[in-house]
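**Q** Here it is: the structure, laid out below.
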Amino acid sequence: MKPLKGLFINTEKAICSIHESGLMVFNCIKDSANYSLDYLELKKEELTIPATYDFYLFNYHFSTTGWLDTKSIKKLPGLKGTIVLEILPNDPFVYCSPFDFDFYCVLDPSMTFKHKKVFVFPRPLDEYRGELSKKENEIPVIGTFGFATKGKGFEHVVEAVKKEFEKAIVRINIPHGTYTDPSHLYAQKLAAQCMVLAKDGVEVITTHDFMTKDDLIYWCSENTLNCFLYDRNMPGLAATTDQAITSERPLAISDNSTFRHISKYLQPFPKLSLKGSIESSTKFVKKMKEEWSVKSFQLLFEKMLDQLSAKKMGVTTDLSPVKLSLLNKRSFRYKFDKYFRRLTRLYYKSPLYAAFH
């Protein structure tokens, strides 16, 4: 049988965790003997998509591609799917329609929701080929990083270090993002708040560098402990821990739903102290790295395609490019769909749905 041909459609290039997550998924699945995979970045000004593929995988996101009318994706031939980044616990449809795609690749290994279109995937960890730092720091170095958004808890990391260590270095990197904090003022404010918390013996170093994935992984490998004490309340899983896990260094997390995929492996802080995390978490970090490897992700994707293509792989004779549509939020159809999706999500959470699945 002729190998399938697919197109990965990412968000437009930007200093953005959503775009980077798309790249991570593409890098996990691009090299397969079962299919070929091309890459395209979707722009609001250029919505024409080639119609010569067997399957399409979008990195649709309500904030970066919310202007796209996802119903128009149905005009494409073959299978149409999307990555789902923003998920509430067991709710993959909080920010995307359950009707417009043929399959949903949910990047949340804690998901147990049963639905014929929903496929659960691990985090798409980078395949790092460089050397990791093996340096043993005489003074403990605790590292944390992330874009300047609310609930990152950088100040909690400094306070926790102050309570447990007489001497330590806290490294905080808050890069300037394209969509988050474009003025850079909030990143500078967060850094200043953390600097004020320093005390004798505990040094706080703040930076605003946007690093390549390889540089960020190496940066994490230089730390005695990578620590993320979020207190946010929003859908989705934290992406910062991906590079920390790849670095194989000890890891500490807060008891926040954004780390629910990690809490299966690690006790959260403060149940497990920072010093306890340094002593005992490395073996669990390596286990996550192994179970969420590129190969594991690719095998799951291949299995999903086999299952889907057996059910639906339309053959089209019209190979004319397809122009997708912009979303009209003022239209009656949009308003109707919005409320209908809410009712559908309530049904998925009801005992009635559970009884049949």
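The values are calculated or read from the model by the stated rules, or taken from the named source; none is laboratory data. As the structure is a prediction and not an experimental result, all values here were calculated from the model. Please note: Cβ atoms are built from the backbone with ideal geometry, for glycine as well, and neighbour counts cover all protein chains shown. To get the accessible areas, we keep the full protein, side chains included, count just its heavy atoms, and leave off ligands, DNA and RNA. Shrake-Rupley method; radii C 1.70, N 1.55, O 1.52, S 1.80 Å.
**Q** What Kirkwood hydrodynamic radius do you get for segment 250-309 when you take the inverse of the mean 1/r over all pairs of distinct Cα atoms, in Å?
**A** On the way: mean 1/r = 0.0767 Å⁻¹.
One decimal place: 13.0 Å for the Kirkwood radius.
**Q** Let me ask something else. In the full protein assembly as shown, how much of Lys295 is accessible to a 1.4 Å probe, in Å² to the nearest 10?
**A** The value for Lys295 is about 120 Å².
**Q** Using modelled backbone amide H atoms (1.01 Å from N, in-plane), which distant-in-sequence or interchain residues come within less than 5 Å of Asp38's amide H?
**A** Here the answer is Gly6, Leu7, Phe8, since their amide H atoms fall under 5 Å of that of Asp38.
**Q** Classify segment 133-283 from the C-alpha gyration tensor, please: rounded if a/c falls under 1.5, else prolate or oblate depending on whether a/b exceeds b/c.
**A** Cα axes put segment 133-283 in the rounded bin.
**Q** Report the full-extension gain for the segment Ser325 to Lys271: residue separation times 0.36 nm, less the Cα-Cα distance, to one decimal in nm. Let's see the in-between values first.
**A** Values: separation 54, 0.36 × 54 = 19.44 nm, distance 4.97 nm.
14.5 nm is the gain from fully extending Ser325 to Lys271.
**Q** OK, next. Scan around Phe269 for amide H atoms under 5 Å from its own, H built in the peptide plane at 1.01 Å from N, and keep only partners 5 or more places away or cross-chain.
**A** Ile253, Ser254, Asp255
**Q** Check which residues have an amide H placed less than 5 Å from His176's amide H, if you skip close sequence neighbours.
**A** Phe210
**Q** With a 1.4 Å probe and every protein chain left in place, work out the accessible area per residue of the chain in Å², rounded to a whole number.
**A** 49
**Q** With springs only between Cα atoms under 10 Å apart, run a GNM on the chain and tell me which of Thr64, Thr212, Thr112 wobbles the most.
**A** For the chain, modelled as a Gaussian network with Cα springs under 10 Å, the answer is Thr212.
**Q** Moving on to the next point. Students sometimes get this wrong: rank Glu290, Glu138 by accessible area, probe 1.4 Å, all chains present, largest first.
**A** Values: Glu290 135, Glu138 185 Å².
Descending accessible area places them as Glu138, Glu290.
**Q** Taking the full set of protein chains and a 1.4 angstrom probe, give the accessible area of Val84 in square angstrom, rounded to the nearest 10.
**A** Here the accessible area works out near 10 Å².
**Q** Please label the shape of segment 28-125 as rounded, prolate or oblate, based on the square roots a ≥ b ≥ c of the eigenvalues of the alpha-carbon gyration tensor (a/c under 1.5 means rounded; beyond that, a/b larger than b/c means prolate, else oblate).
**A** Values: a/c = 1.66, a/b = 1.23, b/c = 1.35.
Because a/c hits 1.5 or more and a/b fails to exceed b/c, segment 28-125 counts as oblate.
**Q** Return the aspartates and glutamates within reach of Lys213: Cα separation strictly under 16 angstrom, same-chain partners fewer than 8 residues apart disregarded; answer none if there are no such residues.
**A** Lys213 reaches Glu20, Asp126, Glu127, Glu131, Glu222, Asp242, Glu248.
**Q** Oh, and also: Using protein chains only and a probe of 1.4 angstrom, how many square angstrom of Trp67 are accessible, to the nearest 10?
**A** That residue has around 50 Å² of solvent-accessible surface.
**Q** Can you flag which of Lys71/Lys150; Lys150/Lys286; Lys71/Lys323; Lys189/Lys264; Lys162/Lys271 are past 22 Å Cα-Cα? Don't jump to the answer; show the numbers that get you there.
**A** Details: Lys71/Lys150 32 Å; Lys150/Lys286 29 Å; Lys71/Lys323 12 Å; Lys189/Lys264 34 Å; Lys162/Lys271 17 Å.
Beyond 22 Å: Lys71/Lys150; Lys150/Lys286; Lys189/Lys264.
**Q** Quick one: if you stick a label point 7 Å off each Cα along the C-beta vector at Lys287 and Ser63, how many nm between them?
**A** Roughly 3.2 nm, to one decimal.
**Q** A further question on this structure: Given the options Leu327, Leu107, Leu68, state which has the largest fluctuation in a GNM of the chain using a 10 Å cut-off (strictly under) for Cα springs.
**A** Maximum fluctuation in the GNM of the chain, among the listed residues, is at Leu327.
**Q** Carbon and sulfur atoms: what percent of the 1.4 Å accessible area of the chain do they account for? Don't skip to the answer; put the middle values down first.
**A** Numbers: 9450 of 17470 Å².
Solvent-exposed carbon and sulfur of the chain make up 54 percent of the total.
**Q** A follow-up question, please. For an R0 of 41 angstrom, estimate the FRET efficiency from the Cβ-Cβ distance between Thr212 and Lys114 and round to the nearest 0.05.
**A** Details: r = 39 Å, r/R0 = 0.94.
Approximately 0.60, to the nearest 0.05.
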